[in-house]
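Please read the structure below before turning to the comments.
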Amino acid sequence: MRRFIVPFNLTSENVTLTEDFAHRFLRVLRLKVGDRVLLCDPRGSEWVAEIVGAGDKTVRLKLIERHFSQLEPKTHVTLFQGIPKGEKMDFIVQKATELGVQRIVPMFTKRTVVQLSPERAKSKCERWQRVATSATEQSGGKIVPDIALPLTFRQALEEASHADLWLLFYEGAEKPLREILQPHQNVNDVAIMVGPEGGFDPSEVAMAQQKGAKVVSLGKRILRTETAAIVAVALVLYELGLLEH
């Protein structure tokens with residue numbers, strides 16, 4: 001059964017979808033009256049819905065049965081990612097979403113090559129949000145991660161400092177991840193910070209440490225930023241037992 005995430009809460013028995021949803025249902029997937037799909041809303045509520053009507057640009061559905069599936073993990077994980085070149089951020093957003101990250105914050109660092117005007121940044125975020133929605137549908141997730149507008153590194157430091165556990169991954173770090181995570185098995189809010197191509201500047205690492213970041217290593221190999229982001233997220237979630245949910 002096809003699964004779709006809608007941007008509104010499913011509170012009434014009858015649902016009408018328009019524009020992109022209607023196009024996907026009727027033109028791309030060629031669904032028709034009588035077909036059933038799964039609809040999931042921003043709260044994680046999931047329903048079996050039946051198509052009961054279709055127009056040129058609308059599709060009408062009736063909610064049939066609610067699914068009581070396993071809830072998302074209580075631990076909230078945010079990935080702060082130095083913006084990489086090209087379409088690497090699409091890949092990072094997709095894979096981090098599949099793993100279960102709840103929020104992704106793109107950030108500009110000293111070694112960030114990409115320059116974005118406010119309009120371009122907004123357009124990029126809208127694209128990344130669509131990637132996250134698609135990845136959530138594909139992976140069976142319940143809640144689509146929020147993709148924030150890009151922050152400066154100082155702004156990212158301020159936001160990350162409020163997390164219960166803040167991990168900054170740096171190739172010059174000596175402490176392994178498992179050693180850092182052992183005393184933090186029951187945290188509610190985790191911030192993961194990964195640099196762009198070339199990693200973090202040493203001065204940025206020092207600033208983060210002063211704000212409370214724990215600087216950790218992913219091992220002796222130098223990883224590409226898109227590889228480092230996914231490995232970091234996967235290892236943190238595994239060590240905290242969050243991949244079991």
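Brief remarks follow.
- Loop sites in region 32-101: chymotrypsin sites (Phe, Trp or Tyr not before Pro), DSSP, at most 14 other Cβ within 10 Å: 68
- Value at 222 nm in deg cm²/dmol, rounded to 500, when DSSP H runs of n ≥ 4 in the chain each add -39,500 (n - 2.57): -9500 deg cm²/dmol
- Under a 5 Å amide H cut-off, with hydrogens placed 1.01 Å from N, residue 76 pairs with 189, 190 among residues at least 5 apart or on other chains.
- When each of 85/214; 32/124; 88/142 is checked by Cα-Cα distance, pairs over 31 Å: 32/124
- Taking the three principal axes of the alpha carbon atoms in the chain, the coordinate ranges are 60, 40, 29 Å, sorted in descending order.
Here, each number is a calculation from the coordinates, and none is a lab measurement. Computed from a prediction, not measured in an experiment: that's the story for all the values here. Please note: Cβ atoms are built from the backbone with ideal geometry, for glycine as well, and neighbour counts cover all protein chains shown.
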